[in-house]
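Remarks on the structure that follows.
Nothing in this text is a laboratory measurement; each read-out follows from the coordinates by a stated rule. Fair warning: this is a prediction, and the values are worked out from it, not measured in the lab. When we count neighbours, we look across all protein chains shown, and the Cβ atoms used for this are built from the backbone with ideal geometry, even at glycine.
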Amino acid sequence: MFREPWLNVVLFVACCVTTYLVGGPYFAATLMGILACHEAGHYVVGKRRGVEVSLPMFIPMPPGVSLGTLGAVIRMKNPIHDRATLFDVGASGPIAGLVVAIPLLVVGLHLSPIGPMNPEDSLEGNSILYALLKYVVFGRWLPGEGVDVQLHPMALAAWVGLLVTAINLMPIGQLDGGHIARAALGDRHERWSARLNIALPVIGLVVGGIMTATALRAGKDLTDALWYAKDGVIPWAIWALLLGVMRQRAGEYHPPVGEAPLDGRRRIGAILMLVIFVLIVTPVPFRAVL
């Protein structure tokens with residue numbers, strides 16, 4: 001069923017090249033290391049639990065219009081119906097990636113100076129965890145008072161790793177978070193996925209409304225304020241659209257699972273993964289400087 005390993009190797013090398021062209025050796029090594037650990041978590045746990053999985057297939061993207069890669073995918077011969085196995089495989093990737101990403105982000109922040117924000121800059125968004133880590137490293141909330149951290153390539157790549165992990169942990173469909181939620185909720189998750197899919201663009205509109213009000217208070221006219229707010233609306237709309245397309249093609253958000261519920265330890269684990277998602281989700285991934 002699965003292709004020969006040489007294709008996986010070629011695509012991985014291609015991603016190393018494209019990410020190097022985007023941000024240099026520190027950026028490429030950090031981002032590819034995080035992604036490789038994420039996929040290795042899925043692969044190793046899947047093999048240990050008897051799931052027939054492929055090697056990760058990395059997706060290179062051209063520099064200049066992307067960060068060099070769209071991440072990677074692992075294919076399974078058959079859907080996982082055992083809820084405990086589904087939880088283990090779904091949670092293993094994000095955990096493995098974060099174990100690498102968070103220490104590298106801290107190191108990268110220590111390598112990053114603080115400097116003034118320029119009008120042409122694009123600011124990376126804050127998650128709760130990212131804001132706290134910047135406070136621990138620099139002793140102040142950033143951005144603020146006209147300055148922000150000027151990210152070292154290692155820090156930028158680790159931040160991207162957190163962003164990608166947060167997207168994967170959305171508890172919808174067949175994302176990693178969807179696998180975890182399906183394992184925890186069973187077939188009720190299908191209804192929740194539909195509701196959350198509708199909620200995503202609504203969240204985007206709320207975020208955009210807050211950004212519009214913020215820009216107006218900063219002295220922008222309505223046109224400029226709406227243009228500023230688009231960075232808060234578009235990502236949520238794109239995620240909702242992609243999840244909707246995936247649902248239409250598959251006919252369902254997630255394949256059904258067995259009736260046996262998760263044990264207590266895994267139920268606690270599912271709650272902890274939701275907490276992690278809340279800590280690392282970034283409402284506005286990138287925005288302009290006001």
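Per-structure values
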{"quantity": "Gyration tensor (alpha-carbon) shape descriptor, segment 137-213, a/c threshold 1.5", "calculated": "oblate"}
{"quantity": "Charged-residue dipole, Cβ positions (Lys, Arg, Asp, Glu), the chain about Cα centre, Debye nearest 20", "calculated": "640 debye"}
{"quantity": "Computed over segment 172-290, the ratio Rg/Rh where both radii use C-alpha atoms and Rh is Kirkwood", "calculated": "1.10"}
{"quantity": "Measure of compaction for segment 188-254 (Cα Rg per 2.2 N^0.38 Å)", "calculated": "1.39"}
{"quantity": "Extension reserve of the Val289-Val107 stretch, reckoned as 0.36 nm per residue once the Cα distance is removed", "calculated": "63.0 nm"}
{"quantity": "Simple spin-label estimate for Arg265 and Trp227 in nanometres, 7 Å along Cα-Cβ", "calculated": "5.6 nm"}
{"quantity": "Ranking of Arg83, Arg195 by count of other Cβ atoms within 10 Å, fewest first", "calculated": "Arg195, Arg83"}
{"quantity": "Fewest-first ranking of Trp236, Trp192, Trp227, using other Cβ atoms within 10 Å as the exposure measure", "calculated": "Trp227, Trp192, Trp236"}
{"quantity": "Whole-angstrom Cα spans of segment 71-112 along principal axes, big to small", "calculated": "45, 20, 7"}
{"quantity": "Segment 1-89: Rg to Rh, with Rh as the Kirkwood radius over Cα pairs", "calculated": "1.04"}
{"quantity": "With 5 Å bins from 0: P(r) over the chain, alpha-carbon pairs, percent", "calculated": "1, 6, 11, 15, 17, 17, 14, 10, 6, 3, 1, 0"}
{"quantity": "Stretch gain in nm, segment Arg49-Leu216, where the contour uses 0.36 nm per residue and the Cα spacing is subtracted", "calculated": "54.7 nm"}
{"quantity": "Listed peptides 129-138, 245-254 by packing density, highest first (mean Cβ within 10 Å)", "calculated": "129-138, 245-254"}
{"quantity": "Under the Debye formula (equal points on every Cα, no solvent term), log10 I(q)/I(0) of segment 74-187 at q = 0.10, 0.12, 0.21 Å⁻¹", "calculated": "-0.40, -0.53, -1.05"}
{"quantity": "Segment 15-150 shape via C-alpha gyration tensor axes, a/c threshold 1.5", "calculated": "prolate"}
{"quantity": "Residues Thr85, Thr19, Thr214, sorted so that the one with the fewest Cβ neighbours within 10 Å comes first", "calculated": "Thr214, Thr85, Thr19"}
{"quantity": "Vicinal HN-Hα couplings computed from phi for segment 130-147 (Karplus, 6.51 cos²θ - 1.76 cosθ + 1.60; Hz; Gly/Pro x)", "calculated": "5, 4, 5, 5, 5, 5, 5, 6, 9, x, 7, 7, 10, x, x, 6, x, 10"}
